[in-house]
2 protein chains.
Amino acid sequence: MDALEFREIFQDRTETAGFEGMRGVMEIIEDVRRDKDAALRSYTEKFDGRAPGTFRVPPEKLKASYDALPEDRRRALEKIRGRIEDYQRMIRYEDRDDGEFKYVYHPLEKVGVYVPGGTALYPSSVLMTVVPAMVAGVDEIHVVTPTFEDSNITFAALHICGVENVYTVGGAQAVAALAFGTESIPKVDKIVGPGNYYVALAKRLLFGEVGIDMIAGPSEILIYVDEDVNVEAVVYDIFAQSEHDKNARTFLLSEDQEIIDRIEDRMRDLIDRQPRAEIIKQSIDNNHYAVVDSRQSLLALVNHIAPEHVSVQHRDADMIIRNIKYAGAVFEGYYSPEAIGDYAAGPSHVLPTDRTGRFSHGLNVNDFLTSHAVISLTEDTFGDIAESAMTVAEQEQLDAHYQSLKIRTE
Amino acid sequence: MDALEFREIFQDRTETAGFEGMRGVMEIIEDVRRDKDAALRSYTEKFDGRAPGTFRVPPEKLKASYDALPEDRRRALEKIRGRIEDYQRMIRYEDRDDGEFKYVYHPLEKVGVYVPGGTALYPSSVLMTVVPAMVAGVDEIHVVTPTFEDSNITFAALHICGVENVYTVGGAQAVAALAFGTESIPKVDKIVGPGNYYVALAKRLLFGEVGIDMIAGPSEILIYVDEDVNVEAVVYDIFAQSEHDKNARTFLLSEDQEIIDRIEDRMRDLIDRQPRAEIIKQSIDNNHYAVVDSRQSLLALVNHIAPEHVSVQHRDADMIIRNIKYAGAVFEGYYSPEAIGDYAAGPSHVLPTDRTGRFSHGLNVNDFLTSHAVISLTEDTFGDIAESAMTVAEQEQLDAHYQSLKIRTE
């Protein structure tokens, strides 16, 4: 397989700009902006089939969900919270100061986090979105999440993160509520977190009105293996990717056709025993297994696709990984399967998909900071550059700019 | 004036979500996506009243424009380019590596820069958008700019930045061309730079399809002065803000009513001598002059508004500035007037406006990088966290995730 063939594959997946869906979502946003809670109620009734009294979850309920969680699950979530905290602290930006120029970072004041729900519950997603915001030092974290028959695990995870502001509302309407504020949900400065198609469209439409992290689509992984790889481990890595949802997909690459055949054979042996075999079967139809003929062409492919996850289980992993420019996250070696990143390694599992890793990055503590320059010139530095600035001001015919500089040279 | 009154002022300015204009811009984008250069040609004819043969400016023309520029203007632009380079290098992010976790940055491959034109030419805007991309190490920089009767200054500035790919096309159609690619303009990974209302709408609509820097509106400044300030210098600072365009505005604040009165008086004396008096007169109608009663209320206002520019010409500037959390850029003292930032200080003058500084930052070198985590766990670290991860995987009923971890603990 060469770069061109791969490009074709990606071409197929490229979404349309999504403007059809957007027009519908615009109406939802306009309604929520105008009618606030009343619109939220009516859309929740329409889309979720329930008529909520209030949206806010009482903090006692979050605590009660935590208390009801078995001890080992609590401990697991708490341990993971600690890991994420440590990692996010490590990569947090620091202020710069060289006297005349400072560059300073401050946490955002109010952040909205969308936690998906509806069809499944992922306490890990709570930790992977909320903990980076906590580490940044965000003043207020407001979480919206659609209800589920039993949201207790989500609630318990929120309690572990110390979140007190939780609202059971989902979809584009929840995003609009966070962007403009309603009687029960405050306007926030930035909205983050993964969601369905309509949530993604609402986030696109509200970019600039509020801060938005990124627009993520179905999950994907590129796995590169050598012939000595543990076949069964790779099979489960592929199944793990596939069980997320039927649109997930895997690219399995190697220099060696035989190892690919062995992995495919073993997949066939094991697939029917998987609890989520139905989803896995649909999803593996999206997969691609291919021999790549050179290291160079492997790297060209990876950097072109910028896969959400890249797992390199190959004796030359270190050298290969040094040359990866674009990816959501890179996993090196046998003891860094993608599944450990989904839960516990430290970096958030909220990552760019569908080639957007070429310009965006996984959610992290720094997405919850904003920054600005402080300019404090000395008279000498000002004197050194004022003339050049005045020359350009003249050229741009901005005379008051010129005078504002000139007066200070006198 | 207290925080509440200020909030009212800002409420007035808050734009609607802009969906009316968006619907028209969607059509432009869809047309360009489908018909490429043909659509670009037809929109350029419709909106700019000219029928372009080709869009690409021959590189010889860029060079010729540079050669034609008077020596002092060339030198001024080159000196400024050097200043911007130095500053952007200083704040560039660096890779982190603690062994098991790396966090790495790479320059984007292809970037599109929108350089406004049409009614005026700003070589400074070329430098302030293109130089940060150069310093990041972007492979290809593609610049779009509407034509002007004489674009030579822009062309010369582009030549100084070493840009070779310049296309004379503007508006939403130019943004769409960069997002999807046409026969003559390549698809890029990210689009940056200020533009008019339609450019801003196109950037909002294409967020996620490509990277987008920010959505900026009319310019604004908050100036805080003490009673010893140089009155005439402040008058020119205000005029400099006002001469940009009729929607620009200034907030002039002090503890002292008398100094505000003196500044206003002097503005009246000088206004009719200003070459751009007509624009200034319209724009100063947007201004607000007010006494703030406490340091605390000043800071509450600044952090609420997050003004594009904050100029503190006050004996306690240092202490005040330490407490500013949100702003586009902060200018400290007499020798750092905002005009020096517009041209030559180093940070880009492309800054967030209209309260968006609460979640976004001025354009800089780091906006032209993307980043990802590399996870390389040792067997020990994996062993330490695998159990917690497996517990959560079970809880989420993702059995293949569980197996992918389990097999590696055996």
**OP:** Between copies, how far apart are the B:D316 label points? List them in nm, one decimal, shortest first, with each point 7 Å from Cα toward Cβ, please?
**Re:** 6.4
**OP:** Enter the mean number of other protein chain beta carbons within 10 Å of the beta carbon of each residue in A:67-79, as an integer.
**Re:** 3
Original post:
Cα centroids of the range B:69-111 and the range B:323-357: how far apart, whole angstrom?
Top reply: 18
Subject >> Percentage relative contact order, chain B, counting C-alpha pairs under 8 Å, at least six apart >> reply: 19
Original post:
If you put a point 7 Å past Cα along the Cβ direction, how far is that point for B:K281 from the same point in each other copy, in nm, smallest first?
Top reply: 7.9
Subject >> Charge dipole of the protein assembly as shown about the Cα centre (unit charges at C-beta), most positive-ward option of A:I215, A:I84, B:A306 >> reply: A:I215
**OP:** Any chance you could list P(r) for the protein assembly as shown, counting all Cα-Cα pairs in 10 angstrom bins from zero, rounded to whole %?
**Re:** 2, 13, 22, 25, 20, 11, 5, 1, 0
Original post:
So which trypsin sites (Lys or Arg not before Pro) in the range A:295-381 pass both tests, a DSSP loop state and at most 16 other Cβ atoms within 10 Å of the Cβ?
Top reply: A:R315
Subject >> Whole-Å semi-axes of the ellipsoid equivalent to the range A:218-359 (Cα gyration tensor, √5λ, descending) >> reply: 21, 18, 14
**OP:** Return the single residue from B:A157, B:A317, B:A200 with maximal mean-square fluctuation; model: Gaussian network over chain B, springs between Cα atoms under 10 Å.
**Re:** B:A317
**OP:** Report the full-extension gain for the segment A:R89 to A:E227: residue separation times 0.36 nm, less the Cα-Cα distance, to one decimal in nm.
**Re:** 45.9 nm
**OP:** Per DSSP H run of n ≥ 4, the term is -39500 (n - 2.57); total these for the protein assembly as shown, divide by its residue number, and report the mean residue ellipticity at 222 nm rounded to 500 deg cm²/dmol.
**Re:** -14500 deg cm²/dmol
**OP:** Using only C-alpha atoms and all pairs of different ones, pull out the Kirkwood radius for the range A:19-212 in Å with one decimal.
**Re:** 17.4
Original post:
Can you give the charge dipole size of chain A about its Cα centre, rounded to the nearest 20 debye, using +1 on the beta carbon of Lys and Arg and -1 on the beta carbon of Asp and Glu?
Top reply: 1320
Subject >> Highest-fluctuation residue, A:F55, A:F155, A:F359 considered, GNM on chain A with Cα pairs under 10 Å >> reply: A:F359
**OP:** Extending each Cα 7 Å along its Cβ direction at A:D139 and B:E78, get the distance between those two points in nm, one decimal.
**Re:** 4.9
Original post:
At a Förster distance of 51 Å, what's the computed FRET efficiency of A:R34 paired with B:T378, Cβ-Cβ distance as r, to 0.05?
Top reply: 0.35
**OP:** Please give the FRET efficiency for A:Q257 paired with B:E394, using the beta carbon to beta carbon distance and R0 = 56 Å, rounded to the nearest 0.05.
**Re:** 0.95
**OP:** Name the nearest-to-axis residue of chain B, judged by Cβ distance to the rotation axis taking chain B onto chain A, and quote that distance in whole Å.
**Re:** B:F207, 2
**OP:** Please order A:V111, B:V166 by the number of other Cβ within 10 Å, starting at the fewest.
**Re:** B:V166, A:V111
Subject >> Charge sum, other residues only, whose C-beta stays under 12 Å from A:N323's C-beta, Lys/Arg counted +1 and Asp/Glu -1 >> reply: +1
Original post:
Looking only at Cα atoms, what is the convex hull volume of the range A:105-217 per residue, in Å³?
Top reply: 96
**OP:** Report the label-to-label distance for B:R96 and B:D285 in nanometres (one decimal), using points 7 Å from each Cα along the Cα→Cβ vector.
**Re:** 5.1
**OP:** First measure r as the distance between the Cβ atoms of B:D272 and A:A51, then evaluate 1/(1 + (r/R0)^6) with R0 = 60 Å and state the FRET efficiency to the nearest 0.05.
**Re:** 0.40
Original post:
What nm distances, shortest first, do you get from the label point of B:R96 to those in the other copies when the point sits 7 angstrom along Cα to Cβ?
Top reply: 1.7
Subject >> chain A: most fluctuating residue of A:I223, A:I29, A:I385 per GNM, C-alpha cutoff 10 Å >> reply: A:I385
Original post:
Which percent, nearest 5, of DSSP beta bridges in the range B:19-212 are antiparallel?
Top reply: 20
Original post:
Considering only B:A157, A:M319, A:V25, whose Cα is most displaced toward the positive end of the charge dipole of the protein assembly as shown, charges sitting on Cβ of Lys, Arg (+1) and Asp, Glu (-1)?
Top reply: A:V25
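Every number here is computed from the coordinates shown, using simple stated rules; none is lab data. Quick caveat: nothing in here was measured; it's all calculated off a predicted structure. Because the Cβ atoms are built from the backbone with ideal geometry, glycine has one as well, and the counts that use them run over all protein chains shown.
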